[in-house]
Amino acid sequence: MKIGIIGLGSMGQMLVTAFCKSKAVSPKDLLVYNRTREKADRMQETYGVTVASSAEEVGHSADLLFVCTKPLDLLPLVKELSLPSQVHLVSVAAGVSIEDLEAVHTGPVSKVIPTVTSQELRGVSLYTCSSRLTGEQQKQFASLLSSIGTAQEVSEQEIETATILTSSGPGLLAGIMESFAQAAVRKSPGLSLDTARKMLVETMLGTAQLLQSEQLGFDQLIERVATKGGITEEGLRVLEKRLPAGFDELFDMTESKHALLKERVKQQAANNQEKGD
């Protein structure tokens with residue numbers, strides 16, 4: 001199966017790295033294109049992938065095509081490409097719906113929200129597919145995503161909330177841990193920030209491995225660590241006063257951002273339709 005990737009920003013490059021690292025795709029079967037040739041050449045030098053001379057070459061050569069452009073660039077590009085109907089089109093753009101994709105491509109379409117941690121073959125890739133996919137196509141797609149981490153199918157109604165947990169999660173967790181480290185250094189200036197950060201990284205790694213290896217729920221791990229009347233239990237009480245409202249605000253904010261982006265995509269499609277008429 002030939003896999004094409006148009007756009008080598010952070011997500012496009014991550015997909016190339018992950019697919020090659022997992023050996024799920026032979027580099028010779030991975031065709032890439034980027035408007036700035038330098039990025040594509042760098043991927044070729046590193047992994048041996050094939051560099052296309054145009055987006056059209058990728059679109060008309062691939063069986064499975066990942067378009068990794070900005071949301072407002074995606075639909076005009078796909079419309080311009082006039083992809084063959086057998087090409088399975090995959091968008092990684094937030095705010096672009098299955099319905100939007102089906103309006104510009106007659107073949108099978110899917111959405112996937114990758115995560116930067118997939119380059120380490122860990123993390124969750126969220127995906128949702130149109131009814132145009134055959135059972136075999138959906139099985140192959142899920143298998144490909146599973147090769148670079150965990151593939152989780154979700155509905156379009158769920159994907160925006162789930163994205164905060166998976167794709168945004170690494171950045172959000174890093175932000176939380178940075179605040180944690182900074183607070184420790186403010187309390188004990190003799191502790192270097194670099195040391196505090198390294199402690200937290202090891203703590204996160206150990207916590208994740210323990211949760212996974214023993215199949216523990218978060219509540220079960222809390223029970224194991226937080227003894228009655230102990231420091232951890234008191235610390236959790238402090239967090240319970242602050243965190244819930246902050247996370248509720250986070251999800252409300254992202255819902256608003258997604259709504260605004262979807263409206264812009266819809267308006268763009270309407271404007272293009274008027275021009276076509």
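Magnitude of the charge dipole for the chain, about its Cα centre and with charges confined to Cβ atoms of Lys, Arg (+1) and Asp, Glu (-1), is about 700 debye.
Which percent of the accessible area of the chain is formed by carbon and sulfur heavy atoms (probe 1.4 angstrom)? Could you put the intermediate results ahead of the total?
On the way: 8520 of 15890 Å².
Heavy-atom surface of the chain belonging to carbon and sulfur, 1.4 Å probe: 54 percent.
Convex hull volume of the Cα atoms of region 1-144, normalised per residue: 95 Å³.
Entry comment: accessible area of region 1-76 is 45 Å² per residue, from protein heavy atoms only and a probe of 1.4 Å.
Cα centroids of region 1-40 and region 149-210: 27 Å apart. Dipole of region 86-171, Cα-centred, from +1 at each Lys and Arg C-beta and -1 at each Asp and Glu C-beta, to the nearest 20 debye? The calculated dipole for region 86-171 is roughly 260 debye. Taking Cα atoms, how many degrees apart are the long axis of helix 193-213 and the longest axis of the chain, rounded to 10 and kept between 0 and 90? It is inclined by approximately 80 degrees. Per-residue 3J(HN,Hα) values for region 120-136, derived from phi via the Karplus relation 6.51 cos²θ - 1.76 cosθ + 1.60 with θ = phi - 60°, read 9, 6, 9, x, 10, 9, 7, 8, 9, 10, 7, 6, 6, 6, 6, x, 5 Hz in sequence order (x marks Gly and Pro). Whole-percent P(r), region 138-268, all Cα pairs, 5 Å bins from 0: 2, 7, 10, 16, 19, 17, 12, 8, 5, 3, 1, 0.
Compute the FRET efficiency between L205 and T254 as 1/(1 + (r/R0)^6), taking r as their Cβ-Cβ distance and R0 = 25 Å, and round to the nearest 0.05. If you can, show how the numbers build up before the last one.
Numbers: r = 27 Å, r/R0 = 1.07.
E between L205 and T254, to the nearest 0.05, is 0.40.
Compared with the dominant principal axis of the Cα atoms in the chain, helix 71-81 is inclined by about 20°. Using the 1.4 Å probe convention, the accessible area of region 105-235 works out to 60 Å² per residue with neighbouring protein chains retained.
Among the trypsin sites (Lys or Arg not before Pro) in region 1-57, those placed in a DSSP loop whose Cβ has at most 10 other Cβ atoms within 10 Å are K23.
Around S53, with a cut-off of 13 angstrom between Cβ atoms, what is the net charge of the other residues, counting Lys and Arg +1 and Asp and Glu -1?
Within the 13 Å Cβ shell, the charges total -1.
Amide H contacts under 5 Å for G123: T150, restricted to partners 5 or more places along the chain or on a different chain, H placed in the peptide plane at 1.01 Å from N. So for region 211-277, Kirkwood radius off the Cα pairs, Stokes-Einstein at 37 °C and 0.692 mPa s: how many µm² s⁻¹? Diffusion coefficient, whole number: 203 µm²/s. The angle separating the long axis of helix 156-166 from the principal Cα axis of greatest extent in the chain is about 50 degrees. Protection proxy ranking of 198-205, 261-268, by the mean of other Cβ atoms within 10 Å over each peptide's residues and highest first, is 261-268, 198-205.
The values are calculated or read from the model by the stated rules, or taken from the named source; none is laboratory data. Only a predicted model underlies this, so the values are computations on that prediction, with no experimental measurement involved. Neighbour counts are summed over all protein chains in view; Cβ atoms, including those assigned to glycine, are modelled from backbone coordinates with ideal geometry. These accessible areas exclude ligands, DNA and RNA; they are computed on the full protein's heavy atoms, side chains included. Shrake-Rupley method; radii C 1.70, N 1.55, O 1.52, S 1.80 Å.
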